[in-house]
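Step one of this worksheet: look at the structure below.
The values are calculated or read from the model by the stated rules, or taken from the named source; none is laboratory data. Here the structure is a predicted model, which is why all the values come from computation and not from measurement. When we count neighbours, we look across all protein chains shown, and the Cβ atoms used for this are built from the backbone with ideal geometry, even at glycine.
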Amino acid sequence: MRASRFPYPQLSYILWQVDTFLASRHQQDYQGQPLAWTLGIRPPASPAKYAREWNTLEQATRYLEEELKLARQWAIPGTWLGRIHVILALMKQAQGANAEAFALIYEAEQFIQSQHVIYPMITSGTARAQLELARGNITSVLRWSQTLEQVEMVLDHARERDYLLLARVYFLQDRQKEALALLGRLRQRAEKDERARSIIKLMAVQALFDREQGHLASALHTLSIALALAEPEGYVRTFVEEGAPMAALLESLLETRQRAQAALHVPLPYACHLFKTIRGQRR
């Protein structure tokens, strides 16, 4: 993951969003490159994304709060304000602040509804469903999944979080074939688009699904590949947010390597770090 070369990463991110918005709203008379490009900025990820992935959640939260402040000052459209609220809500949930997370989701939904935009509601609805699933409210999650199933399936990057959660719901419903088929389609699209982080995440979930079905050898093989791809970029949250099931699978992987069984090429220090991080968060 490469950070923007622009010296003010939050401003860089917001500036890019503004330019993109202007370009989309004024395609016919919008000439020349967006201002962000002229300043040497390429389409950046939010600095909060880097901090979150490296599991520095407090720093990620500060970045998001700064982005939210800038977005309000610049009168960014409500859909984008809603998006920042959604990401911040998931950050709060990861820190155990569930009440704050649900309050932020509510605000996000209000912003999005005020713009009369239907599509982003799927994203905020997915975030709400993810929070409900974390606290065991299966009924609410099933209602969300039924709503999503009625929408035309578009497996692009913007909808990946939606359908990844749907695959998890299928698995919980013992609809393993549907879950695995959906996961496979998501991975194919991610590979086609060359989205490395998405591929790694989908492989991590695939490994967990395999483990739950009793296919430990396959799970360890898939996880070892995901770790080898993720280690150079220092991904942490991609694995850590999977919690206890991922810790158990990492433990099995480490034990397998220590017994010198199977030809698994695993970055051991990295795997150990992830395992200890998950265990440390559970205390």
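Restricting segment 208-244 to residues that are small (Gly, Ala, Ser) and within 19 Å of the chain's Cα centre (by Cα), which is nearest to Ala48 (Cα to Cα)?
Of everything passing the filter in segment 208-244, Gly234 is nearest to Ala48 (Cα to Cα).
Any residue in segment 51-70 that is within 19 Å of Val236 (Cα to Cα) and surrounded by fewer than 20 Cβ atoms within 10 Å (Cβ to Cβ) sitting within a Cβ distance under 9 Å of a residue that is of a type in the set (Phe, Trp, Tyr) and modelled with pLDDT of 90 or more? List the pairs, counting only those 6 or more apart or interchain.
Matching pairs, first to second residue: Trp54/Tyr235.
Assigned to a helix (DSSP H, G or I) and either touching a strand residue (DSSP E or B) at 6+ places or on another chain (Cβ under 6 Å) or over 25 Å from Tyr50 (Cβ atoms) (or both): does that describe Asp174?
When the stated conditions are applied, Asp174 does not pass them.
State whether one or more residues within segment 94-103 are buried (at least 20 other Cβ atoms within 10 Å of the Cβ), out of contact with any strand residue (DSSP E or B) (no Cβ under 8 Å at 6 or more places or on another chain) and modelled with pLDDT of 50 or more. Quick ask: steps written out before the conclusion?
Taking segment 94-103 first, the residues buried (at least 20 other Cβ atoms within 10 Å of the Cβ) are 101.
Filter again for out of contact with any strand residue (DSSP E or B) (no Cβ under 8 Å at 6 or more places or on another chain), leaving 101.
Keeping just the survivors that are modelled with pLDDT of 50 or more gives 101.
Yes, segment 94-103 contains at least one residue that is buried (at least 20 other Cβ atoms within 10 Å of the Cβ), out of contact with any strand residue (DSSP E or B) (no Cβ under 8 Å at 6 or more places or on another chain) and modelled with pLDDT of 50 or more.
Quick check on this structure: which one of Gly184, Gly214 is on the phi > 0 side of the Ramachandran plot, modelled with pLDDT of 95 or more and of a type outside the set (A, V, I, L, M)?
Working: Gly184 fails: on the phi > 0 side of the Ramachandran plot.
Unique residue meeting the criteria: Gly214.
Among the candidates Thr222, Thr256, Thr277, single out the residue that is surrounded by 21 or more Cβ atoms within 10 Å (Cβ to Cβ), in a helix (DSSP H, G or I) and hydroxyl-bearing (Ser, Thr, Tyr).
Working: Thr256 fails: surrounded by 21 or more Cβ atoms within 10 Å (Cβ to Cβ); Thr277 fails: surrounded by 21 or more Cβ atoms within 10 Å (Cβ to Cβ).
Going through Thr222, Thr256, Thr277 in turn, just one is surrounded by 21 or more Cβ atoms within 10 Å (Cβ to Cβ), in a helix (DSSP H, G or I) and hydroxyl-bearing (Ser, Thr, Tyr): Thr222.
Select from segment 190-219 the residues that are outside any helix (DSSP H, G or I) and without any contact (Cβ under 8 Å) to a residue 24 or more places away in the chain and write down the one among them that is surrounded by the most Cβ atoms within 10 Å (Cβ to Cβ).
So in segment 190-219, the residues outside any helix (DSSP H, G or I) come out as 194-195, 213-215.
Right, trim to without any contact (Cβ under 8 Å) to a residue 24 or more places away in the chain and you get 194, 214-215.
Numbers: Glu194: 8, Gly214: 8, His215: 14.
Among those that are outside any helix (DSSP H, G or I) and without any contact (Cβ under 8 Å) to a residue 24 or more places away in the chain, it is His215.
Taking segment 220-251 on its own, how many of its residues are under 14 Å from Leu274 (Cβ atoms), among the polar types (S, T, N, Q) and free of Cβ contacts under 8 Å to residues at least 40 places away in the same chain?
Residues in segment 220-251 being under 14 Å from Leu274 (Cβ atoms), among the polar types (S, T, N, Q) and free of Cβ contacts under 8 Å to residues at least 40 places away in the same chain: 0 in total.
Among the residues of segment 50-81, which ones are of a type outside the set (A, V, I, L, M, F, W, C) and at pLDDT below 80?
Kept after step one, since they are of a type outside the set (A, V, I, L, M, F, W, C), are these residues of segment 50-81: 50, 52-53, 55-56, 58-59, 61-63, 65-67, 69, 72-73, 77-79.
Across segment 50-81, the qualifying residues are Arg72, Gln73, Pro77, Gly78, Thr79.
Out of segment 106-138, which residues are closer than 14 Å to Arg161 by Cβ and either under 15 Å from the mean Cα position of the chain (by Cα) or modelled with pLDDT of 90 or more (or both)?
Ile122, Thr123, Ser124, Gly125, Thr126, Ala127, Arg128, Ala129, Gln130, Leu131, Leu133
Return the residues of segment 193-211 that are basic (Lys, Arg), over 12 Å from Pro245 (Cα atoms) and at pLDDT 95 or above; say none if nothing qualifies. Walk me through how you get there before you give the answer.
Taking segment 193-211 as the starting set, the residues that turn out to be basic (Lys, Arg) are 195, 197, 201, 211.
Then keep just the ones that are over 12 Å from Pro245 (Cα atoms); that gives 195, 197, 201.
Of everything in segment 193-211, just one residue is basic (Lys, Arg), over 12 Å from Pro245 (Cα atoms) and at pLDDT 95 or above, namely Lys201.
Is it true that some residue in segment 224-238 is in contact with a helix residue (DSSP H, G or I) (Cβ under 6 Å, 6 or more places away or on another chain) and under 23 Å from Arg135 (Cα atoms)?
yes
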